[in-house]
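To start, the structure itself, in structure tokens.
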Amino acid sequence: MKRAKISIIGAGNVGATTAHWCAAAELGDVVLLDIPQVEGMPKGKALDLFEASPIFGFDVKITGTTDYADTQGSDVVVITAGIARKPGMSRDDLLSTNAKIVGSVAAEVAKSSPDSVIIVVSNPLDAMTQRVLQVTGFPARRVLGQAGVLDTARFRAFIAMELNCSVEDVQAMLLGGHGDTMVPLVSCASVGGIPVSQLIEEEKLQTIIERTRKGGAEIVSLLKTGSAFYAPAAATAQMVEAIIRDKKRIVPVAAFCDSEYGVGGYYVGVPVVLGSKGVERILEVQMNDEERAAFEKSVLSVKELVTSMAALTE
Ligand code: APR
């Protein structure tokens, strides 16, 4: 059987850690690409990771490069290129720099891996994913963004911390943009099959929701030199696995919603069936009035960001 090829553009914290999780799970051969100004860096990280493989026994090729020719014919391409947040910055503050970087990366990926599924990780996520769709001209199902898997993982982690129970038993779902307006759905959160609202009182749940919304900023303020990477990379690797192994996982991703949820042609976080074709189906969940209002507010902030991006990239 032909081995899958996964290319990761941007060999910084999120990119290199994604390479680590993907290689360790033997999802396929991994190519790590960065800019020529840091030529040795992706090569060094790839070699270092490959040298770990005899110890842990993962058997895949890992290549570092600055040349898109090495990414030729990838099945999945992960875009992490760009700058990360520093304390005091919102994801939206990255818009102008990352729109240029992500636009140029997307043009290269469209040429070198025209049949790939692209997972965008660079922030501000929903706008960057829209940029990749515009530049590549790929069908929307093959361009998606990583955010919801990370945000629900944070929501699940905080619920497990509150109940002092296994994270494995906590299920959750979340909608909306990858920002402070995201909408964690209490109605879809459960612990061992029990609705979370039966186990955690309302006031505490609201605190957990607020912490989830600001989960990225919490890590930025602790690290001080950059933003989160272990959990974002783990979330990305889970999405890569769903695609490469055609698992048809039901996960929240930034997907292009047109008639779905009445969004009208923007990327927002929604539950999807994720398989080898990319986004195979968007699932519409019922929301109560409060959740619907929060979702609409979140979609509005994504639209505003995309409008600002259009002004910057025209
Ligand atoms: N092509 C390829 N790589 C690029 C390009 C480009 N045009 N421009 C920048 N890069 C690389 C940088 O050289 C750097 O190695 O992207 C990498 C980014 O790595 P970090 O600075 O460590 O940032 P990281 O924490 O990985 O975050 C990357 O993911 O979660 C998001 O908000 C985060 O937008 C940020 C992105």
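The values are calculated or read from the model by the stated rules, or taken from the named source; none is laboratory data. Remember, predicted model here, so these are calculated numbers, not experimental data. FYI the Cβ positions are ideal-geometry reconstructions off the backbone, even for glycines, and counts take in every protein chain you see. The protein model used for the area step is the full one, side chains on, heavy atoms only, and it has no ligands, DNA or RNA in it. Shrake-Rupley method; radii C 1.70, N 1.55, O 1.52, S 1.80 Å.
Taking the conditions exactly as written (among the hydroxyl-bearing types (S, T, Y), over 15 Å from L174 (Cα atoms), away from the ligand (no atom under 16 Å from the Cβ) and under 20 Å from the mean Cα position of the chain (by Cα)), does S276 satisfy them or not?
Details: among the hydroxyl-bearing types (S, T, Y): yes; over 15 Å from L174 (Cα atoms): yes; away from the ligand (no atom under 16 Å from the Cβ): yes; under 20 Å from the mean Cα position of the chain (by Cα): yes.
Against the criterion (among the hydroxyl-bearing types (S, T, Y), over 15 Å from L174 (Cα atoms), away from the ligand (no atom under 16 Å from the Cβ) and under 20 Å from the mean Cα position of the chain (by Cα)), S276 qualifies.
When residues in segment 51-72 are screened for being in contact (Cβ under 8 Å) with a residue 24 or more places away in the chain and either within 15 Å of the ligand (Cβ to nearest atom) or not aliphatic (A, V, I, L, M) (or both), 15 of them pass. Within segment 215-244, the only residue that satisfies the criterion of being open to solvent by 80 Å² or more (accessible area, probe 1.4 Å) and within 16 Å of the chain's Cα centre (by Cα) is Y230. Among the residues of segment 11-21, those identified as near the ligand (Cβ under 10 Å from one of its atoms) and either touching a strand residue (DSSP E or B) at 6+ places or on another chain (Cβ under 7 Å) or not in a loop (DSSP other than H, G, I, E, B) (or both) are A11, N13, V14, G15, A16, T17, T18. Could you look through segment 33-56, keep only residues that are open to solvent by 70 Å² or more (accessible area, probe 1.4 Å) and among the aliphatic types (A, V, I, L, M), and pick out the one that is nearest to the chain's Cα centre (by Cα)? Step by step, filter segment 33-56, then rank; the result is I35. Restricted to segment 245-260, and to residues there that are open to solvent by less than 50 Å² (accessible area, probe 1.4 Å) and touching a residue at least 40 places away in the same chain (Cβ under 8 Å), the residue that is farthest from D151 (Cα to Cα) is A255.
Give me the residue from segment 184-206 that is surrounded by 14 or more Cβ atoms within 10 Å (Cβ to Cβ) and polar (S, T, N, Q) and, out of that set, nearest to V268 (Cα to Cα). Selected residue: S187.
For segment 207-217, a tally of residues being assigned to a helix (DSSP H, G or I) and either in contact (Cβ under 8 Å) with a residue 60 or more places away in the chain or under 16 Å from A147 (Cα atoms) (or both) returns 7. Within segment 1-47, the set of residues being touching a Phe, Trp or Tyr at 6+ places or on another chain (Cβ under 6 Å) and in contact (Cβ under 8 Å) with a residue 40 or more places away in the chain comprises N13, V14, T17. In this structure, Q198 does not satisfy being closer than 25 Å to A84 by Cβ, among the polar types (S, T, N, Q) and modelled with pLDDT of 95 or more.
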